[in-house]
Structures are given as C-alpha cells and as structure tokens.
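Engineer: For reference, the structure I am asking about is given below.
The values are calculated or read from the model by the stated rules, or taken from the named source; none is laboratory data. These numbers were taken from a predicted model, which means no experiment stands behind them. Please note: Cβ atoms are built from the backbone with ideal geometry, for glycine as well, and neighbour counts cover all protein chains shown.
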Amino acid sequence: MVEVTVDPLSRIEGHYRINTEVSADGVITDAQSNGLVFRGFERFLQKHDPRDAALLTMRICGVCPVCHSISAANALDDLFGVADQVPKNGLVMRNIHQAMNFIASHAAHIYILWGPDLANPAYRDILTQYGNVGNAVWGELSGRFMPLVNQFNGTHYPAGSSYVAALREFRRLHDGISLVAGKMPHPVLQHVGGVVYSPTVADIQQLIAYISETAKFVESFTLGVPPETWIENTYRASSPEKAVNFVIGHLQELLNKSLTNNDFSHSSGWGDVPLFAAFGSELVGEKLLGLPISLKLDRGGGYKNPDQIGFLSYGVFFKPEKGDGYDPTSPADSRVIPSGYMNGRLQLEKFDHTKISENITHAFYIDQEEDRPPWNGVTEPESNPDEIDYTRGSESRYSWVKAPNYAGIPCEVGPLARLLVMGEPLVTGLAKTFAENGYSPANNYTRMLARMQEILVVIPELLKWLRQDVQAGGKVAVHTELSMAKNSTGMGLWEAPRGALGHWVATGANSMTTLYQAVVPSTWNLAPRNAQGIPSPVEQALIGTKISAAENALGVDYSNPLGIMHTARSYDPCLACAIHTIDKTGKHPDRILKVV
Amino acid sequence: MLHGGRRTDNESLLEKFKNLDFMKMDRRTFIKAVGALGASLFLQTYKSDMAKALSDLPETKVVWLHGVMDSGCTISMLDGGTPDILEFLQLFNLNLLYQEVLMMQQGIFVDGKPANTSDLNSEILLEEILEKEKGYVLIAEGAIANGPHGSGKYMVLGGKIYRDIFEKAARNASVIVAIGQCATHSGVNAAESDIVGLLDHRGVAFTMEDSSKGIVDLLGIDTPVINVNGCPAHPDWVFLTIGAVALGKIKVPDDLPEVLDRWHRPKVFYPPDHTVHENCPRRGYYDRGEFETTVGGSKCLWKLGCKGPYSHADCATRHWNGHLSFCPQAGSPCIGCVQPGFPDSTRPFYVEIEDAGIVGTNLDTIAGVAIAGGLIAAGAHALRRTVLKKPEEKEGITEDTASEEIGGEK
C-alpha cells in the first residue's frame, strides 16, 4: 500500500489536500478530502446590520461572489418579509447577473482550472503511441489547454489557444457584470427587496452585444457549430435519446472527415467539446465511435454504491412569467432550473429543505451535537494546535469542511446534479447511456460535459431575459426599513455555478443579526465522512478508481496521480466557500430559528 | 449607465503627455496622465520607454502566494484588460514562476515524500525557487494565519504552516507587493467578532489599521512592502505599480517614502487629496441636495450610507472592468473597501456615516491622510454640510422645485 497525497491541489479556489491509499496495482483504496484553512467568516456578521450581508458574504468567494450576494439577498427578502413583493424587474436583474457569472465561472473552470490537466505529459506518452491520430490529438490538447505558468525541462510553453480565448471571454462577461453591478469581483447590485440598479436601454443593448460575442467564442472554440444548432438538437431535443444521438452522429461525421487526414483542429470543426466528447470517453470514443484510444475519463470519478449518494439542486433563475415576488422555499416549478433531489438510482424526489443537516464527526469543530440543521448551526473551531492534524486517516477528524447530508445521504451538487434534476435531455441521456453500459452515470466525463452543456442552457435564457423580460428604467426594488427585520428569520436558497447554495439568517429585537449561516456547494462535494462513516461525494468518486492516466495505461505512476487530479478538480472546488465558520448559537439556545 | 459628464479629448491629452518621462512627472501630472488616459493609452504612450527598458533590463522574477483569502484578487487581475495579464507579463518582462491558480503544477507526495520534478510538483518548484532565487517580486494575496495561539495552524499547505512559507518567500524577495485587502490589512479576516483573537489572521504590514500587528513586524522581516489595497485590488493599480518597479521607475526602497502614503500605498492611485466623491457622476445631485432614500434611483447616495467622501481612490475616474462603471455609478453606496479599517470602519454600509456614530474614528483616520496631503478631501463634504447646514432638509425634493431653489441652475 502506498500513500499518495496531492497537497496543495492547485488550479482551484482555495487550499485543499487529497490523501489516498493506493494498492500495488494502482487502485485507490481509501481517500480523505482535507480543507486546509480555517477562515472565520459568518461570525463577524453577528451583532451587525443584516443588510450588509449581501455585500459582505460575497467576500467568501472571489470566483462566485454573485451567487453569495443573491443567496444573501434572498435570505434578506425573507427576513424583511418582502420576498412576495420583489418587483419582477429586480428578479430578472438577479437572473441576468447570475447567468453572466455562471457562464464566466464555467468557462474559467473548464479552460483555466480543469483543462490544463489534458496537457499533462502523461497523455503525450500515451497518445503518441497511437501514430498519427495520437500525435494529432496530443498536439490539439497541449496546444489548446496549456496553462499560463508551466515549464517542461526548462522550457516555458505559450498558454493554449483555447485557454487564452476563454480568458478573454471570462473578462468580457465580467465587464458585462460590471456594467450593471459596478465592478467584478465583488459587484454591488444585490440588496434586500431587489437590486440597486435599473438598467438603461443602452446597458441592455451592450449586454446583448457582449453575449453575442461570447456566443461567437462558443461557436469557434467550444462547439465548432453555431450554438443555436447545438441547443436546438440537445437542450431542446424532444427526448434524451435524440440529444445523445445528435452528439454521437455529429462526432461520427467529424471523424469521417478527419481520420483520413488527421486534422482535429478548431478550423476543421473540432471544437473543444467535440474533441473532449470523442477522445475523453472510453464508452463514447472507443466503444461507440471505434476510436483506437481515449483518455477514459468516464472510468474515473464515479460512484459505486447508489444508496450512498444523491444529487441535489435548490433551483436557480426566477421564472419571469411568475411576475412579482417569489416563494423563498424554492418549489420546483418556480425556477428555470428547478429544485429537486435525485437519488443514486436517478429517481427524482421533491426537494424539502428541512432534510438538510450538517455533521462534524470528522471535522475540526467542537459541539456536543454532531448533526444539526443549518438554521441551528453551531461551530466552535478546534483551538488546540496539536489537534489540527490532517494525517491521521479516515477514522479521525481531518478537515475544516463539515459534512452536509440530505436525509442522511451525501449529495453531489453542481451542473451535473442540476441538469439531471432538470431532466435536460443531453445530460439525462448521457447518464442513462453510461448506466446501461455498466458505468457510473456520474463520472468525470459526464460531470465536465454537464458543465459545458449548462453554458448552452443558460445562454438562450439570458438572451430571452435581456430581449423580452427586463424593463429599462423599471422598478427594481421594494422599499424596506431596518425595523422590518425585527425578531425575524430568513432563508435564501440559490445555486452557485458549482452547486447548491443556502444562506440562513436570524435577527433579534434590535434588528441586528444574531445568526448567519451559509452551506455552500464545496461543503457538499468535498466534505469529510459523515457520522456513519459514509465517504463524501469526492471520496466515493476516488475510491476504487485508478491513480494514473488512462487507467494506468503506462503502468502505475504514483508520482503523477492524474486520476486524483481529474476527479478532485472535476467538482470545481471552492475551498474559501467551504471553510467558513458558522454562528455559535450554542451560546444562545433561546434563539433557535423557526423553520419557515 | 449614468455618465459623469467628463469627456476628455484623448488626442490633446496624448499630445500633452507624450513628451514627458512618466516617472519624472510630479504626482499630479502622473495621476492626470494615468487617470485621464486610462492604463491602455498610458501604456501606449510610454511603450517606447518600456521597449528601451526591456532591452536593457534583465527579466524580473515574480512569485505569487495565496494565503487566507477568496482568490478575488487573482480573478480581478484576470479581469484586467488594458493590459491583460498576458500583456502585462510580456510588457514588463516578468517571469511568473509560481501562481497556484494559473500553474500546471500541484503538490505531489508519495509516502510523505515530494515526488516527480518541478515540472509537475509545485512543492519542489517552490522549494527550488526559495532556495535559489533572490530579489524577486513577491505578490502576496491573502492574509497570513497566525492562530490558534500563535501556532499558524489555521492554514497549512503542503504539510507546512503557511506563515513559514510566507516568511521564507518574504525574506528573499526584493519587494513585497501585497494585493487586496486581505493581504494589506487582513480585511474581512480580521473583522470584529467574538473569535477574531483566536483566528489572528494578519495582514502583511498592517492588521486593520495597526502597523504593530503586521506579520512582517512579528517575524522581523525588513523587506520593503508596497500595499495595493481594495476589495479587490484594481488590476491597473497592481499592474502599473509592479510595472513601474520592474522598469526601475520606482526604485526600491529609495523612492518609496516619496511614492507611498502612510499605508504604504502608491499615492497616484490612492490620492491623499482626492476622494471617490469628487468625480462621482452623482455629485451634481449632492451639490443640489437631492438624495435617494431607497435604492434604484439616480440621485446622490449619501443618505444611503455612501462612504465616497471618505474613500481615497481613483475609482470614479478610472472605473472598473474595462473602465465601465464603479459602485456609486451602479447605484450602490461606496462601501469604502480601500479604507484600511474595512469593513469595520465603514459598516453599517447603508447608514449615513453621522447616524452610524462612527464619524470620529473615520474622520480621524481618513482626514489625517487628507490633511497630510495638503488638501482636505473630506473638506468638500464638510464645507457643504456647514454652508447648507442640513442637506437632508431637501430630501424628497422634486426636480422642479430643486431648480427653483438653486436659482434655476441645472
């Protein structure tokens, strides 16, 4: 047994460690997910004006500040009792703000954070064994995804073409956010009762122009076909089978052209998604399309026991046709991407927020109760330096991340969970296809494709909100007074780009905050074990998989554990989010929140 | 989008500034040039200086560390457009050796020992840098964990206490450029709470407003520190500061007393005699005493808690993200994220500063800088309050009556 540790796992947000036990044949037999920083966050919101939370909680995360500010604003709407009155225009502005951040954040994850692993030299060694096809594919992967900071044998290689183009698009989308929200990161748009800015006609036209530019990037780099064509045949396909067949058919067409001349370039139609879709998967690439080689990413990052995993979405993007106001408990029919819980056998259930609890058995916190609902959270950090030790194995306390569960089950959150809950045809069809062929429906390949696909789901909705729903100069907020927050509670459920995000707030008689609590996506995905010893999603996804590239194709290389890197990064980790401290209501047992 | 009404003719400005050596400009001319031309045109104007410098100067190595933070300043640097981060590195001949978000490498250990080479292993890479390199620019993003109880174990990385990594990197650097509020003042990490003492997250040279609590003081590090604060820091502020250092336009440490303010910030970007308020596009409403009392309107945000009159930064002339907008322009009160005591010294965000009962501390801190600069920036605001007594008297005023009251001027 060999201990293989990735620490720090770079190209993520924050500071994170994965520790594994690996057998002599290169299979991971145990894994621990360690959050390495105790930051302290929600505690400083206590005793202060609750309205500040919309601007302060976004400082939890510089990558996804938008979703924190909206979750907080949602919680404040509830706290102030105005959720049912927020003007439609304000809700649409929240959608627009969040949608731009979704696209930017997904692009950053796919191209800047996750993509560079495709330029790992292990793939050069594997692919170039397969003659001209392999050489050509390696040329594409390294030429597209090489990160900015690199060196190989003393040589620095220029950043990849797709990497650089994505960076430009990321910036453009953030320019769009800034246009209506002041700046990015840490935009200032969100406020209790709505938003603080009503866009002008010029703003709206400018945003449409930005999104049109982004659509061009998606066409020339990401897809290789017009986004409308892709959306029409996948997101708007009449069945999951049709969506999958479109993609397989499209890949087959591209291959028919390219296998003779080994041209897999962008200009010959091989967008990043088709290239990844064909060569990333053993099932799609080798078994369905007959390719000689693939990266076998569908073999990694899956779940073995469907009874120990679920997929959760709180729902995101208000439906404009519902008009003013919304229900803070996020019923499935009120959001464009709905709320819902899907169990490990892909059966959909209604979402019930009262089933959420957090467990600290394996985290560095002190509390008599190990399981608590977030609206009654207690977090007393370990203060003895000797107790903070990440090396004592799965039975020990080993992380600053708590373990949230839904009805006792660890859940994956993020684009894959959302699009499964939504029933998005392509992702649903792919999940079924993998399940029917003996693969885990959730794996590194489907997880990454879901993130790419969600960009295509969001773009047409965003354009619709801009073209049809938002009203220039229209009312964007309902008036509030601080006194409306007296002795109240609020819950804000929303989705970050990387998954389900909830904020909970309570106030006392002077309207000042007595409790603030955020349960964030990376807490779900990257938790330690729960009270029953059930590993978290990322731990389950690692255990039983191979450590080295393409299923140990070149033998076991403990010193280049691409299996760990692909799987851990596939969740788009955001550790600053996951490791915050939570209100110590244990000191105020009389202030237990009533669940709305 | 609201517009400030200040439209300058780039051609004539270019003419005016192009024959000047930008580092020989006095402070006012410099800020006029950088502020008015914008970073892009500024760099274009002086690219011959830079090209000359590039052929003469060796590359500058850069190490970029992340402490206790949210990566917002890395994101802000990626959002820089004029120049963007790739052009920035190229223009100033910078060799970025280590940056956790942007690099190929990660820490890899087999049975507890570092494995592979610096091509893939960031721990070996960092070790090699810290052993071999001297005189690099250290970009410090994020606070440094000193808790619990002075152990520093609230942040561990690659099996090492981050404070120790920072210490080693800081000692060998020629200059530390702390970017963003977490690094410069600990920011939200040191905000007042019942566990702030236990957390003990430190800024590089200051923790909040206290210079005796900076981590360099604690560790006895004498490497010069330049602070580029804000939450996040503006990419222009960072790129132009590091660019000026790389080109030798700011000589470290000799020029620092002249170039930096008491918070170690480049005065050109945080002008002691200028606040966000002065060039605010809503300034006309302020002067006419027209104030918003609920969000979503276009008038002055003073009564909604705007800290613009106390915030020394060029946001209102430079703007953010493609130089498009900034907080008050987008309808939000300025929350003073460049103030050394942010967020404690500027919250509650939505309460007028006098009402919040913290005017004493704020004015002492901020006006102190202003007075040192020779012009009382907050004075414009103080003057207005003295002359007009109570601006709130005009609350709810209509456009028509406002015109009448100020003699029809509009």
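Engineer: Spot the failing condition for residue B:268; the list is (1) at pLDDT 90 or above; (2) not assigned by TED's automatic domain parsing to the domain that holds residue B:337, and only one is missed.
Structural biologist: (1)
Engineer: Then there's this: Pick from segment A:235-288 the residues that are over 24 Å from the mean Cα position of the chain (by Cα) and of a type in the set (Ser, Thr, Tyr): which of them is farthest from residue A:423 (Cα to Cα)?
Structural biologist: A:260
Engineer: Would you mind stating whether residue A:489 is surrounded by fewer than 24 Cβ atoms within 10 Å (Cβ to Cβ), among the polar types (S, T, N, Q) and within 14 Å of another protein chain (Cβ to nearest Cβ)? Outline the logic, then answer.
Structural biologist: On the way: surrounded by fewer than 24 Cβ atoms within 10 Å (Cβ to Cβ): yes; among the polar types (S, T, N, Q): yes; within 14 Å of another protein chain (Cβ to nearest Cβ): no.
Answer is no for this residue.
Engineer: Looking only at residues that are among the small types (Gly, Ala, Ser) and more than 8 Å from every other protein chain (Cβ to nearest Cβ) in segment A:20-53, which one is farthest from residue A:489 (Cα to Cα)? Explain how you work it out, then say what you get.
Structural biologist: Just the residues of segment A:20-53 that are among the small types (Gly, Ala, Ser), to begin with: A:23-24, A:26, A:31, A:33, A:35, A:40, A:53.
Cutting the leftovers down to more than 8 Å from every other protein chain (Cβ to nearest Cβ) gives us A:23-24, A:26, A:31, A:33, A:35, A:53.
Values: A:23: 50, A:24: 54, A:26: 51, A:31: 38, A:33: 33, A:35: 30, A:53: 14 Å.
So the residue we want is A:24.
Engineer: Moving on to the next point. Among the residues of segment B:225-252, count how many are closer than 13 Å to residue B:174 by Cβ, out of contact with any Leu (no Cβ under 8 Å at 6 or more places or on another chain) and at pLDDT 95 or above.
Structural biologist: Initial filter on segment B:225-252 (closer than 13 Å to residue B:174 by Cβ): B:225-226, B:242, B:245-246, B:248, B:250-252.
Subsequent filtering for residues that are out of contact with any Leu (no Cβ under 8 Å at 6 or more places or on another chain) retains B:225, B:245, B:251-252.
Now restrict to residues that are at pLDDT 95 or above: B:225.
Going through segment B:225-252 one residue at a time, the tally reaches 1.
Engineer: Right, another one. Suppose we keep only residues that are out of contact with any Lys or Arg (no Cβ under 8 Å at 6 or more places or on another chain), not small (Gly, Ala, Ser) and not in a strand (DSSP E or B) within segment A:403-423. Which one would you say is surrounded by the fewest Cβ atoms within 10 Å (Cβ to Cβ)?
Structural biologist: Out of the qualifying residues, it is A:422.
Engineer: Another question, if that's okay. Just one of A:507, A:514 is among the polar types (S, T, N, Q), at pLDDT 95 or above, more than 28 Å from the chain's Cα centre (by Cα) and closer than 26 Å to residue A:71 by Cβ; which is it? Before you say what the answer is, go through the steps one by one.
Structural biologist: Details: A:514 fails: at pLDDT 95 or above.
It is A:507.
Engineer: Against the condition assigned to a helix (DSSP H, G or I), over 30 Å from residue B:200 (Cβ atoms) and in contact with a strand residue (DSSP E or B) (Cβ under 7 Å, 6 or more places away or on another chain), how does residue A:430 come out, does it pass? Can you show your working first?
Structural biologist: Numbers: assigned to a helix (DSSP H, G or I): yes; over 30 Å from residue B:200 (Cβ atoms): yes; in contact with a strand residue (DSSP E or B) (Cβ under 7 Å, 6 or more places away or on another chain): no.
In short, no.
Engineer: Conditions: (1) touching a Lys or Arg at 6+ places or on another chain (Cβ under 6 Å); (2) without any contact (Cβ under 8 Å) to a residue 40 or more places away in the chain. Residue A:511 meets all but one. Number of the miss?
Structural biologist: Going through the list (1) touching a Lys or Arg at 6+ places or on another chain (Cβ under 6 Å); (2) without any contact (Cβ under 8 Å) to a residue 40 or more places away in the chain, residue A:511 breaks only (2).
Engineer: Something else now. Applying the selection to segment A:113-128, what residues are in contact (Cβ under 8 Å) with a residue 24 or more places away in the chain and in contact with a Gly (Cβ under 6 Å, 6 or more places away or on another chain)?
Structural biologist: Just the residues of segment A:113-128 that are in contact (Cβ under 8 Å) with a residue 24 or more places away in the chain, to begin with: A:113-123, A:125-127.
Hit for segment A:113-128 is A:127, nothing else.
Engineer: List every residue pair whose Cβ atoms lie under 6 Å apart, where the two residues are 6 or more positions apart in sequence or sit on different chains, the first residue falls within segment B:110-132 and is over 15 Å from residue B:166 (Cβ atoms), and the second residue, located anywhere, is acidic (Asp, Glu).
Structural biologist: Between residues of segment B:110-132 that are over 15 Å from residue B:166 (Cβ atoms) and residues that are acidic (Asp, Glu), the close pairs are B:111/A:3; B:114/B:123; B:118/B:128.
Engineer: Something else: Determine which single condition residue A:339 fails, assuming it passes every other condition in (1) farther than 28 Å from residue A:462 by Cα; (2) under 21 Å from the mean Cα position of the chain (by Cα).
Structural biologist: Looking at each condition in turn, residue A:339 falls short on (1).
Engineer: For segment B:233-281, give me each residue that is among the hydroxyl-bearing types (Ser, Thr, Tyr) and either assigned to a helix (DSSP H, G or I) or closer than 21 Å to residue B:64 by Cα (or both). Don't jump to the end; show me each part of the working.
Structural biologist: Our first condition is that a residue be among the hydroxyl-bearing types (Ser, Thr, Tyr); within segment B:233-281, this holds for B:241, B:270, B:275.
Passing the criteria: only B:241.
Engineer: Within segment A:545-560, work out how many residues are at positive phi and either in contact with a helix residue (DSSP H, G or I) (Cβ under 8 Å, 6 or more places away or on another chain) or of a type in the set (Ser, Thr, Tyr) (or both).
Structural biologist: Here is the first cut: in segment A:545-560, the residues at positive phi are A:550-552, A:555.
Within this subset, residues satisfying the condition of being either in contact with a helix residue (DSSP H, G or I) (Cβ under 8 Å, 6 or more places away or on another chain) or of a type in the set (Ser, Thr, Tyr) (or both) are A:550-551.
Of the residues in that region, 2 qualify.
Engineer: Is there a residue in segment A:28-41 that is over 25 Å from residue A:551 (Cα atoms), of a type in the set (Phe, Trp, Tyr) and surrounded by 24 or more Cβ atoms within 10 Å (Cβ to Cβ)? Give the steps one after another, and end with the answer.
Structural biologist: The initial filter retains those residues of segment A:28-41 that are over 25 Å from residue A:551 (Cα atoms), namely A:35-41.
Then keep just the ones that are of a type in the set (Phe, Trp, Tyr); that gives A:38, A:41.
This time we only want the ones that are surrounded by 24 or more Cβ atoms within 10 Å (Cβ to Cβ), so: A:38, A:41.
Yes, the conditions are met somewhere in segment A:28-41.
Engineer: Tally the residues that are in a helix (DSSP H, G or I) and either more than 7 Å from chain B (Cβ to nearest Cβ) or under 14 Å from residue A:108 (Cα atoms) (or both), restricting the search to segment A:155-176.
Structural biologist: Going through segment A:155-176, the residues in a helix (DSSP H, G or I) turn out to be A:161-176.
Okay, now just the ones that are also either more than 7 Å from chain B (Cβ to nearest Cβ) or under 14 Å from residue A:108 (Cα atoms) (or both), so A:161-174, A:176.
Residues that pass the stated criteria total 15.
Residue-wise test of (1) under 21 Å from residue B:64 (Cβ atoms); (2) surrounded by fewer than 19 Cβ atoms within 10 Å (Cβ to Cβ); (3) in contact with a helix residue (DSSP H, G or I) (Cβ under 6 Å, 6 or more places away or on another chain).
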{"position": "B:159", "(1), (2), (3)": "yes, yes, no"}
{"position": "B:163", "(1), (2), (3)": "yes, no, no"}
{"position": "B:171", "(1), (2), (3)": "yes, yes, no"}
{"position": "B:174", "(1), (2), (3)": "yes, yes, no"}
{"position": "B:181", "(1), (2), (3)": "yes, no, yes"}
{"position": "B:184", "(1), (2), (3)": "yes, no, no"}
{"position": "B:206", "(1), (2), (3)": "yes, no, yes"}
{"position": "B:210", "(1), (2), (3)": "no, yes, no"}
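Engineer: Say we look at segment B:58-87 and pick out the residues that are under 22 Å from residue A:179 (Cβ atoms) and acidic (Asp, Glu); which of these is farthest from the other protein chains (Cβ to nearest Cβ)?
Structural biologist: B:84
Engineer: Next question. Tell me which of these residue A:442 doesn't satisfy, since it passes every other one: (1) surrounded by fewer than 24 Cβ atoms within 10 Å (Cβ to Cβ); (2) part of a loop (DSSP other than H, G, I, E, B); (3) in contact with a helix residue (DSSP H, G or I) (Cβ under 7 Å, 6 or more places away or on another chain).
Structural biologist: (1)
Engineer: Does any residue of segment B:264-278 turn out to be touching a strand residue (DSSP E or B) at 6+ places or on another chain (Cβ under 7 Å), more than 14 Å from residue B:338 (Cα to Cα) and without any contact (Cβ under 8 Å) to a residue 60 or more places away in the chain?
Structural biologist: no
Engineer: Quick check on segment B:292-317: of everything there that is over 25 Å from residue A:44 (Cβ atoms) and within 11 Å of chain A (Cβ to nearest Cβ), which residue is surrounded by the most Cβ atoms within 10 Å (Cβ to Cβ)?
Structural biologist: B:296
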